[in-house]
Structure formats: C-alpha cells, structure tokens
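Chemist: Handing you a structure now.
The values are calculated or read from the model by the stated rules, or taken from the named source; none is laboratory data. Bear in mind that the values here come from a model prediction, so they are computed numbers and not experimental data. Backbone-built Cβ (ideal geometry, glycine too); neighbour counts: all protein chains shown.
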Amino acid sequence: MSELARLALELVDIPSVSRDERRITAWIAERVERIGLPFLVREPDALVFGASHPDVVLAGHSDTVPAQDNLPGRIEGGAVWGLGASDMKGGLAVMLELAGLVAAGLSTSLAPLFVVFGREELAVTESVLARVLEGCPAILQARLAVVMEPTDNRLQAGCLGSISAELVFRGVAAHSARPWLGVNAIHEAIRGLAPIIELTPQEVTLDGLVFREVLSVTQISGGIANNVVPDLVRCGLNFRYAGHRSSVQAEARLRELVGAGELTVTSNAPAAPVATGNQLLERLRSVGDLELEPKQAWTPVAEFAARGLDAVNFGPGDPALAHRRDERVMVAALERSLEVLRRFLA
C-alpha cells in the first residue's frame, strides 16, 4: 500500500459532513505542525499554511456530503473507497503529501501556499472560503490558484454559475367532485413547466471552450388530499449559466426562461471566466501535458476569480464518482496528480 493511498484512506475515515469539519481540520493541523510549515490561518473550519509570499495557491475543501453507508473506507482493487474519496479527500491527500515534500526541502521555483476550508458542499452563502480570502490577503498575492476539485487529472478552466430558485404556481382550492369551482395548481404547474422541460442545453463558447447552460426542475410538491383540488404547487429550479453572464444578468435570463409562476431566487453562485494568458497556467499545462477543458459545474474557482486571482480546477478524483455510494479514487490517479504538481512547483 502506498503512503499516499494510506493518507487518503485516513482522511476518508474522518467523518466531515458539511458544518462538522472541526475534527478533520484539527487532524490536518497536527500533521502540518509535525512537518513544520507555518500557519497563516488556523481556525476550526479553515487552515492556510506555507509561503507567506506565494506564487501559487493549492486549495481544497474538507467537507463531504452525507454518508451513504460508505464509511469506513477501504483500499481495494487499486483504489481508495469511501465517502469523499473522489470529492475531495484524494485531492487533500495530494496537497498534504506535497506540503510534506516542500517542508522536507523539495527544490522549488514556485512558492506554494495551501488552503483547506469547509462548507463547500453547501450554498455559497455559507462559504468559509470567502471569509478566509477576506482575512488572509497573502492568498491573493499569488499568480494562480489550483483548486483540487475532482477532474480525473484533467485541467479544467472556468466554471458555471449556479442559481437555485423556487417557482410557485397558485390556484383556488375546491372539492375534487366539483373541480370547475376551483383552479388546479398542479394543472397550472404542468402547463407552466412545459416550456422549461422542452429547453435544450445552450452552448456558449468562451476562449475556445464550450460550456452548456441548462435549466432543470429539481423538486416539486403540492396537494393536501386526494379529494381536494390543490391551490398551491412549489417547484425547485436550478439554472447553470456560463461566465459571459454576471449574476444579475443570469437572474434576468432565468426570469425570461421561466415565464409563468412566481419566481424567487434563493441563492446565486457566480460563474468564473476562463483564465487566459496566465503564464503559470501554461506552465501547468506543459509539465503535465494537459489539454484545457471547460468545467461543467460550479467550483470555488469562482470565489478566487471574483477577487482577481486566476484559478483552475485540477485534481485526482473522477467527477463521475463524486457523491456516489461507491465513491472511490484510483491510487494511480493520486500518484499522477502528485507528480504533475511536484514538477509544476519544481
């Protein structure tokens, strides 16, 4: 068993569902103390350690989605299995192993700063990273942030914005034996949702990369009894938008697409542009022989970009395995990620 795989398994076996990151943060902090890197931030749900004048930031979140009978983890078939293995404790393991190499005297031409934070799996309104970026200006001195999101060791630029919203359809309640005396809110919802259901992904090309804007109905509820015409239906919507739109423009676009019903936006996480012309990004592409792809999801690169720091996604986890009951990360992918980043720094 490789030491890197063993480290990933140790991280997997520390439960850290969002809002409960204190234990894993303390475990990581103790390891950083032992290897001897200095802390710039040390809080129950966030750590920043490494160079005080960094060239590059390596960032990863410590929280996971709730367990699905996938703890404790195990190593089997060349993979580390368990909750968060792909998203993104495998990435954290690579960060910590790299930090150990730096502390042990790895010769580098780029000074790294490591950022670990919680609550990433929640709405952006609960962002721990936003508070860390506000309180630690050294982070924004860097020239590039590498967010260790699961990309299967592909280099993915930018990210989609994400709007969560509630769409309400109202009617008039009545006895189901005399429905003409009321207005059926479920029928109103079916008619009102039809244009949304018929929407196809809208391709948006930014700096040669194709992002797909999509609008999905993700929740629906209504009705109180089988003999009552319902007067209220609530629907959850999720709109993923590309980086050519601001948050305000994206919300306006959502209202155009929805049309019927009463729309209330509950959260709006901004998109991130593609970082072009960044010399460190080109260096990372070169040392890893990596193709640049679009990130068809929201990630914390948006939070870095909003504060003027170019950011990119690169990590060992497979995004197709994230949040699954059989979540896992390949040991070979961990080792590949570590080697690319070691060469990048050196």
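Chemist: If you check F39 against the conditions, is it hydrophobic (A, V, I, L, M, F, W, C), closer than 17 Å to A93 by Cα and more than 18 Å from the chain's Cα centre (by Cα)?
Modeler: When the stated conditions are applied, F39 does not pass them.
Chemist: While we're here: If I ask for residues that are of a type in the set (V, I, T) and either free of Cβ contacts under 8 Å to residues at least 12 places away in the same chain or under 27 Å from P66 (Cα atoms) (or both), which ones from region 25-38 would you list?
Modeler: T25, I28, V32
Chemist: Determine whether region 130-142 contains at least one residue that is in a strand (DSSP E or B), buried (at least 24 other Cβ atoms within 10 Å of the Cβ) and touching a residue at least 60 places away in the same chain (Cβ under 8 Å).
Modeler: The answer is no; no qualifying residue exists.
Chemist: Tell me the residue from G84, G91, G118, G105 that is at positive phi and touching a Ser or Thr at 6+ places or on another chain (Cβ under 9 Å), please.
Modeler: Just a single option satisfies the conditions, and that option is G84.
Chemist: Please tell me if T205 is surrounded by 20 or more Cβ atoms within 10 Å (Cβ to Cβ), out of contact with any Leu (no Cβ under 8 Å at 6 or more places or on another chain) and under 29 Å from V57 (Cβ atoms).
Modeler: no
Chemist: Let me ask another. Could you check region 292-309 and list, in sequence order, the residues that are more than 14 Å from N153 (Cα to Cα) and surrounded by fewer than 23 Cβ atoms within 10 Å (Cβ to Cβ)?
Modeler: Q296, A297, W298, A305, A306, R307, G308, L309
Chemist: Still on this model: In region 73-83, is there at least one residue being under 17 Å from the mean Cα position of the chain (by Cα) and in a loop (DSSP other than H, G, I, E, B)?
Modeler: Yes, some residue in region 73-83 is under 17 Å from the mean Cα position of the chain (by Cα) and in a loop (DSSP other than H, G, I, E, B).
Chemist: Output the number of residues of region 208-245 satisfying the condition of being within 18 Å of G259 (Cα to Cα), surrounded by fewer than 19 Cβ atoms within 10 Å (Cβ to Cβ) and within 19 Å of the chain's Cα centre (by Cα).
Modeler: So the count comes out to 4.
So that you can scan it fast, the table gives a plain yes or no per residue for (1) among the aliphatic types (A, V, I, L, M); (2) in a helix (DSSP H, G or I):
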| position | (1), (2) |
| --- | --- |
| A5 | yes, yes |
| E10 | no, yes |
| R19 | no, no |
| R23 | no, yes |
| A26 | yes, yes |
| E33 | no, yes |
| L40 | yes, no |
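Chemist: Taking only pairs six or more apart or across chains, which ones have beta-carbon atoms under 6 Å, a first residue in region 7-24 that is crowded, with 16+ Cβ neighbours inside 10 Å, and a second residue that is of a type in the set (S, T, N, Q) and part of a loop (DSSP other than H, G, I, E, B)?
Modeler: Within 6 Å, the pairs are S16/S62; E21/S62; I24/S16; I24/S62.
Chemist: May I pose another question? Could you name every one of the helices (runs of 4 or more DSSP H) located completely within region 177-295 that has at least 2 residues being outside the structural domain of D55 (by TED's automatic domain parsing) and either in contact with a Pro (Cβ under 9 Å, 6 or more places away or on another chain) or at pLDDT 95 or above (or both)?
Modeler: 185-197, 247-258
Chemist: Any residue at all in region 270-291 that is charged (D, E, K, R), crowded, with 19+ Cβ neighbours inside 10 Å and closer than 15 Å to L144 by Cα?
Modeler: no
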